[in-house]
Amino acid sequence: MDAGDASRHTIPVRPPEAAAVPVESNSLLQKRAAEFCNLVLETYKRKPLSFWFLLLLSSAAMLVAFTASSLLSRLYYANGGKSKWIISWAAVAGWPITALVLLPPYLFGRISPTPLSLKLFVWYILLGFLSAADNLMFAWAYAYLPASTASLLSSSSLIFSALFGCFIVKNDLNLSSVNAIVIITAGTVIIALDSESDRYPGITGKQYTLGFIWDILGSALHGLIFALSELVFLKLLGRRSFHVVLEQQVMVSLLAFVFTSIGLVVNNDFQGMRSEASNFKHGEGSYAMVLTWAAITFQLGVLAGTAIVFLASTVLAGVLNAVRVPLTAIAAVLLFHDPMSGFKILSLVITVWGLGCYIVGHSSSSVDS
């Protein structure tokens, strides 16, 4: 009797049923992970290795260069720089770098320059003027705002990249993208509500507000430039080879340099460079190094961004431009000891969350198509 009772009480009845749910859940998770891995592998096989190398190199260069350029702009003002035109001029003064990169394909690659039609030249003039104006707007922003705040506000360029890409280039704008736009807009509003917490000494409320406005306008113009650049590739240049990207960047940067140089002369800032350098913190050598590296990093960042537009789309360029926001904000706190209030931390978290929504939404739409 005792043995029978013992054997009867050890018969498992409930445990297997209870264990069925996690086993099924694990198998579903493994199935989806396998599908994702297969999707990544298939996407990888669709393009040659050279494509992925250029895309990875361009993405890394854009993140590093634009982050460094933003920090150097703030360093210029923090160490005694005053002129908005000079830092704008430095941003496009590095255009010969791209011209030098373009020479080997012409000399050794049996590649001839793309014919410069009147219509294409007019587009270059427009993009050059918009780039010069964009640089000037961001110069005003970094003159009056902490680098962390300015970078968080510039995340709104993702909003404008998505909107302009939708209306001008007919890129898809799905529900996740709209959700990301709303979230990032909320992050920008939080920064506006907390405007008194991170204002530098000596900066008036009017100047802070002016920097805020110019940052948003510059971000909008940045998104427009991305969309128009993609339109030029699609309608006029085609997607033939990478040297087309270099040609476009040389022409746009050269014309932006011309427009900015005119503004520099009219504003008499060329004459003021020497006195500004003599009063610069750590001397004239430091002044020259800041402007030189600002020219190099900005040119590399814009070139990389243009390459991403050519290799992928305005969407990816906008995403990477937003990815640099938390990088710049964190670096500014570490290097410049920017104030980091609770509102600003909340804005940073919301911005990163909105960026994640945008990436997931775009990835989902790419899989469906």
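The values are calculated or read from the model by the stated rules, or taken from the named source; none is laboratory data. Remember, predicted model here, so these are calculated numbers, not experimental data. With ideal geometry, Cβ positions are generated from the backbone for all residues, glycine too; neighbour counts draw on all protein chains shown. Note: areas computed on protein heavy atoms with side chains; ligands, DNA, RNA excluded. Shrake-Rupley method; radii C 1.70, N 1.55, O 1.52, S 1.80 Å.
Applying the set (1) of a type in the set (Phe, Trp, Tyr); (2) over 28 Å from Asn321 (Cβ atoms); (3) modelled with pLDDT under 90 to Phe242 leaves exactly one unmet item: (2).
Kindly indicate which of Leu136, Leu116, Leu127, Leu145 is under 24 Å from Ser261 (Cα atoms) and in contact with a Gly (Cβ under 8 Å, 6 or more places away or on another chain).
Values: Leu116 fails: in contact with a Gly (Cβ under 8 Å, 6 or more places away or on another chain); Leu127 fails: in contact with a Gly (Cβ under 8 Å, 6 or more places away or on another chain); Leu145 fails: under 24 Å from Ser261 (Cα atoms).
Criteria check complete, one pass: Leu136.
The helices (runs of 4 or more DSSP H) found entirely in the range 267-369 that carry 1 or more residues being at pLDDT below 85 and open to solvent by less than 20 Å² (accessible area, probe 1.4 Å) are 283-311, 314-336, 342-368.
Restricting attention to the range 252-286, the residues that are within 21 Å of Leu71 (Cα to Cα) and without any contact (Cβ under 8 Å) to a residue 40 or more places away in the chain add up to 4.
Listed by first and then second residue, the pairs linking a residue in the range 288-303 that is over 14 Å from Tyr76 (Cα atoms) to a residue that is open to solvent by 10 Å² or more (accessible area, probe 1.4 Å) and of a type in the set (Val, Ile, Thr), with Cβ atoms under 7 Å apart and 6 or more places separating them unless they lie on different chains, are Ile296/Ile97; Gln299/Ile97. Taking first residues from the range 333-356 that are among the charged types (D, E, K, R) and partners that are outside any helix (DSSP H, G or I) and surrounded by 18 or more Cβ atoms within 10 Å (Cβ to Cβ), the Cβ contacts under 6 Å between residues at least 6 apart in sequence or on separate chains come to Asp338/Pro146.
Selection of helices (runs of 4 or more DSSP H) fully inside the range 115-188 by the criterion of at least 1 residues being of a type in the set (Lys, Arg) and open to solvent by 10 Å² or more (accessible area, probe 1.4 Å) returns 118-144.
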